[in-house]
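Laboratory data are not the source of any read-out in this text; all were calculated from the coordinates shown. None of these values were measured; they are calculated from a predicted model. FYI the Cβ positions are ideal-geometry reconstructions off the backbone, even for glycines, and counts take in every protein chain you see.
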């Protein structure tokens, strides 16, 4: 039997953190598994690896998820809730998977975003606490990095690009400022939980 394992994030530690975090770390089961197989590093982004290996494409995923959630509209982006951590001279991205965001929290955050951006014709939806969708009045005219390719990375290296990239970067800054002072995040921080201090636009 031949098994192919995709192991995203297996070597996520960089030169700054790796040695200290892994000091004394023992993973005998993983060592056994890797010792019996053939390891192959591939010069592909995670989304490209998913597409090549599993046939999963990020292109148009926001529109497909919106349709699956019963939402009407032609132009969509994913606007996933994330936490951005400032580390030395970098801003590192963590996704909501480590934050256990509740549906009530997501609804309150989305309601505030919708009030603020109504004049821009933007409408946020939260069909799941950790999966938000952004309905646009027209096509974005920009390119975005899939979330899977940006988690753990410096967000400044994955900002929106293309014809309206700067426009979306500016809107993203506004979103971050609104979320930074939101009561939901104040409560999360008091409980020792990560705040939702940004969204990640993609799809």
Quiz prompt | Linear extension gain, residue 163 paired with residue 87, 0.36 nm per residue minus alpha-carbon span | solution = 24.4 nm
Self-check item: Cα-projected label distance for residue 154 with residue 3, points at 7 Å along beta-carbon direction, nm
Solution: 3.7 nm
Quiz item: How big is the Kirkwood radius of region 61-202, worked out from every pair of different alpha carbons and given in Å to one decimal?
Solution: 15.2 Å
Exercise. Given the peptides 100-106, 144-150, arrange them by the average over their residues of other C-beta atoms within 10 Å, most packed first.
Key: 144-150, 100-106
Quiz item: Kirkwood hydrodynamic radius (Cα pairs, Å) of region 132-171?
Solution: 11.1 Å
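Hey, can you rank 120-132, 161-173 by average C-beta count inside 10 Å, highest first?
The most tightly packed comes first, giving 120-132, 161-173.
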Quiz item: Tell me, what is the percent relative contact order of region 61-202, built from C-alpha pairs under 8 Å that lie six or more residues apart?
Solution: 31 percent
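Calculate the FRET efficiency for residue 100 and residue 178 from the Cβ-Cβ distance with a Förster distance of 25 Å, rounded to the nearest 0.05.
Computed FRET efficiency for residue 100 and residue 178: 0.70.
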Practice problem: State the extension gain, in nm to one decimal, for the chain segment bounded by residue 38 and residue 74, taking 0.36 nm per residue of separation less the distance between their alpha-carbons. | Solution: 8.5 nm
Exercise. Of all alpha-carbon pairs in region 95-172, indicate the percentage at a distance above 17 angstrom.
Key: 55 percent
